[in-house]
Amino acid sequence: MATTDVYPGAATSEGAQELAARDGSTAAELLRESGSVLRLSEAAVAALSEQAVPEDETMIINMGPQHPSTHGVLRLMLELEGETVLRTKPIVGYLHTGMEKTGEDLTYLQGPTNVTRMDYAAPLFNELVFSLATEALLGVEVPPRATWIRMLMCELNRISSHFLFLATNGMDLGAISMILYGWRERDLVLQFFEKTSGLRMNHNYIRPGGVAADLPDGWRDDLAGILDALPARLGEYDSLMTAQPIWQGRTQGVGVITPEEALALGTTGPILRSTGTPWDLRKDMPYLAYDQVEFDVVVGSYGDVFDRYAIRLNEIRESMRIVAQILDAMPGGDYRVQDKKVTPPPRARIDESMEALIHHFKIFTEGFRVPEGEVYVAVESPRGELGCYLVSDGSAKPYRLHIRGPSFVNLQTLPHMLRGGLIADAVAIISSVDPIMGEVDR
Amino acid sequence: MSEPGAEYGVASTLSVGQVVFHPDRAGYRALVSDLRQAGYTVCLDVTAVDYLTHPGRSLPAGVLAERFEVVAILLSFERRERVRVRVQVPGADPVVASLYDLHPGSEAMEREVFDMFGITFEGHPDLTRILMPEDWEGHPLRKDYAVGRIPVQFKGAPGAR
C-alpha cells in the first residue's frame, strides 16, 4: 500500500469494491448497481440511461458497517436523491476469518466445531450439512434415532432462528417490544439446547456418525412445555404486528421481488417462497426423515417484506407441528452409528479398558480417514439452501471445504429490492433478508 | 443408466450418486447454457478447488487434470435435481468464462472465487475482491498460500508452511 500514515488502519479503503460516483461509472455499471436483474430490451436500456440524474443532486452515503439495522457488519453504499435510493452496493468481508481455510486444517471430527460458527443463529444446520457430507463420502448410514434427533434439533433451531428474526425485524421497524418478546421465546428453545448439548449456541452436537449425546432425561416434558407455551405467544405477535395497520403500512408492498428475479439471482429460502414459489428442500428433495412427517410449505404471493415476515412467523407454527410429530414417532436405539472407525468408545469403557482409551485417543488426535471423492449436500436452513461442497483426498482432513451460505447469495437481491424505495424502507428490507454476516463472510 | 453427459457431448461421471459434467474450458459456458435450456435454471453455487497438492484425483478419460477446478452447481426445479459442472483451469493461465450473462446470481460467487483463488472470469462485470481488503496480496485458499502458525519449539515439529 502506498500511503502508510501514522495509523495504517486510517488509510484502509475498499477501493474498487466501493460504489463509484455517477460520472465515473459506465452505463452497464449503473444498471447493475441499480439492481437490474433480467435482460432488458435495448429500448428499455436506452430509456433508463436517458433518465439523467444531475450529479449535484445525488449523494453517496455509507450505511454500516456499524449501523445497528445492518445486523452485524454489512456495509451498504447507497446513492440517494433526497430520500430515494437510486443505487446500492453491498460491501461484505468485514467478518471474514478464513473458516474454509481453517476447515482444511481440522479433522472431520473437529469440523463441526468450525462450521457451527458460520451461521451463528442456526448453528445446528451447519453441523448437519457438514456431517451429512462427511457421511456421504464415508458411506455410513446413521441409526434412525440419530436421524430423528437431528430433525428434532434442527426444527427447534429453525424456531429459535425465526424468533431472532421476528425480534430484530420488529425492532428495526419500531416495534421495540418485539426484541424482548422474541428473545424471551427464543430462550425457551435455547434452554433446551443447553440441556441437551451443554451449550446455547455453537453446539458441536451433530457430528459425523450421529449426535454427540442422547436426549436428556425429561426431554418430552420440556418440549411439551415449549409447544404449550408458544401458540399463545405467536397469537400475541399476530395482534401486535400482523394485524396492525402501522406494521402493514411499513411492510406491505415494500421491497418487492418477482419469482423470475429471485430465481435469476439464485435466491432460496423465505425470500424465494415469498414470491409464491413453493420450493422447500424438506419437501422437494427430502433429507433426514422429512418424508415421514407432515407439514406445509408456507408461501407468499407478493414477494414483499410483509410476506417474508409472515412466512417466517408461520414456519414457526409448521416447525412446531413437526416437533409434535417427532415427539410421537421418536424411535429407540442408538444415537450414533456403531462403526468403530468413526465412533469413539463410550465414556465408561475408557476407565476400564486400555484398548478403549487408545481407541478414544486415536480418534480424537488422528481422526478417521475418509475415502477420496467429492460431494455436494444441501439442507433447508432458516435462510435457504445451505450447501456443503466437500472434497476428500483420502486423508483425515477435508481437502477442500466450501459452505454455500444462503445469506451470501440472498444479499445480492438488495440492490434490486432497494431501488426506488425510501431510505427508511431500506431498514425494513435489509431486515427482511435476514442476513447473518458470519455466514456471508465465513 | 445411460451416461447423462452424452446428450450434451461432454464427459460425465457419477460422484456419490450425483451427476458431474466435465467440459473443457472452451465448452464450459456453452454447457451451462445448454443445461439452462434443459431446465437447470438456477445457479446455486460457483466455487473452486486448488488441486496443487492432490494431483492424482480420478477424472474421466480424456479430461486432463489441471491445477484448479471451477465447480458450478446447478439446480432444476422440474426434475428436483442438482448437477455439478467441473471445469479444469490451468495454474499458468487461470481464466474461465463468466456465467454472469446466464445467471446474474453468480456475480458474488465468482468474485469470491477470484478473491480466494485468483481465477479470472472473462466477462464478469465487476471482478474485484469481495471478502479480503482491496490491497490484499495473494489468494488465501490456494494451497501454496502460507497459513499463519506459531512456531513450536519441539524436536521434529513441522515447520511453518
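The values are calculated or read from the model by the stated rules, or taken from the named source; none is laboratory data. Predicted, not measured: the structure shown is a model, and the values here were computed from it. Every residue, glycine as well, gets a Cβ built from its backbone with ideal geometry; the counts of neighbours run over all protein chains shown. The area values use the complete protein model at the heavy-atom level, side chains included, leaving out ligands, DNA and RNA. Shrake-Rupley method; radii C 1.70, N 1.55, O 1.52, S 1.80 Å.
Annotations for the structure displayed:
- Unmet criterion (only one of (1) open to solvent by less than 10 Å² (accessible area, probe 1.4 Å); (2) over 27 Å from A:Leu74 (Cβ atoms); (3) modelled with pLDDT under 90; (4) not charged (D, E, K, R)) for A:Thr413: (2)
- When each of A:Leu137, A:Leu109, A:Leu76, A:Leu132 is tested for being touching a residue at least 40 places away in the same chain (Cβ under 8 Å), hydrophobic (A, V, I, L, M, F, W, C) and open to solvent by 30 Å² or more (accessible area, probe 1.4 Å), the lone residue that passes is A:Leu132.
- Test for A:Tyr287: is it open to solvent by less than 30 Å² (accessible area, probe 1.4 Å), among the hydroxyl-bearing types (Ser, Thr, Tyr) and in a helix (DSSP H, G or I): no
- Tally of residues being part of a loop (DSSP other than H, G, I, E, B), facing chain A (nearest Cβ under 9 Å) and open to solvent by 10 Å² or more (accessible area, probe 1.4 Å) across the stretch B:103-126: 3
- Qualifying positions in the stretch A:284-305 - away from chain B (no Cβ under 14 Å) and within 19 Å of A:Met151 (Cα to Cα): A:Leu288, A:Ala289, A:Gln292, A:Val293, A:Glu294, A:Phe295, A:Asp296, A:Val298
- Taken as a whole, the condition of being more than 10 Å from chain B (Cβ to nearest Cβ), polar (S, T, N, Q) and closer than 19 Å to A:Asn126 by Cβ applies to A:Ser407.
- Applying the criterion of being hydrophobic (A, V, I, L, M, F, W, C) and within 11 Å of chain B (Cβ to nearest Cβ) to the residues of the stretch A:246-283, the residue that is farthest from the chain's Cα centre (by Cα) is A:Ala264.
- The residues of the stretch A:353-376 that are at the interface with another protein chain (Cβ under 9 Å from one of its Cβ atoms) and either under 27 Å from the mean Cα position of the chain (by Cα) or polar (S, T, N, Q) (or both), listed by number, are A:Gly373, A:Glu374, A:Val375, A:Tyr376.
- Of all the residues in the stretch B:105-119, those that are over 15 Å from B:Asp50 (Cα atoms) and of a type in the set (A, V, I, L, M) number 2.
- For the stretch A:341-362, the set of residues classified as assigned to a loop (DSSP other than H, G, I, E, B), within 26 Å of A:Met153 (Cα to Cα) and out of contact with any helix residue (DSSP H, G or I) (no Cβ under 7 Å at 6 or more places or on another chain) consists of A:Lys341, A:Thr343, A:Pro346, listed by residue number.
- Of A:Leu265, A:Leu281, all but one fail to be in contact with an Asp or Glu (Cβ under 7 Å, 6 or more places away or on another chain) and either open to solvent by less than 20 Å² (accessible area, probe 1.4 Å) or farther than 27 Å from A:Glu185 by Cβ (or both); the exception is A:Leu281.
- Positions within the stretch B:137-146 being more than 7 Å from chain A (Cβ to nearest Cβ) and of a type in the set (A, V, I, L, M), in sequence order: B:Ala146
- Any hit, the stretch A:382-402, residues being more than 11 Å from chain B (Cβ to nearest Cβ) and under 19 Å from the mean Cα position of the chain (by Cα): yes
- Meeting the requirement of 3 or more residues that are touching a Gly at 6+ places or on another chain (Cβ under 8 Å), the helices (runs of 4 or more DSSP H) wholly within the stretch A:202-269 are A:259-264.
- Taking the conditions (1) open to solvent by 20 Å² or more (accessible area, probe 1.4 Å); (2) within 8 Å of chain A (Cβ to nearest Cβ); (3) under 24 Å from B:Thr41 (Cβ atoms) in turn, B:Glu134 satisfies each one other than (3).
- Within the set A:Ala224, A:Ala264, A:Ala229, the sole residue that is under 29 Å from A:Ser131 (Cβ atoms), in contact (Cβ under 8 Å) with a residue 12 or more places away in the chain and out of contact with any helix residue (DSSP H, G or I) (no Cβ under 6 Å at 6 or more places or on another chain) turns out to be A:Ala224.
- For the stretch B:38-58, the candidate set comprises residues that are among the hydrophobic types (A, V, I, L, M, F, W, C) and without any contact (Cβ under 8 Å) to a residue 40 or more places away in the chain; within that set, the residue that is farthest from B:Arg86 (Cα to Cα) is B:Ala38.
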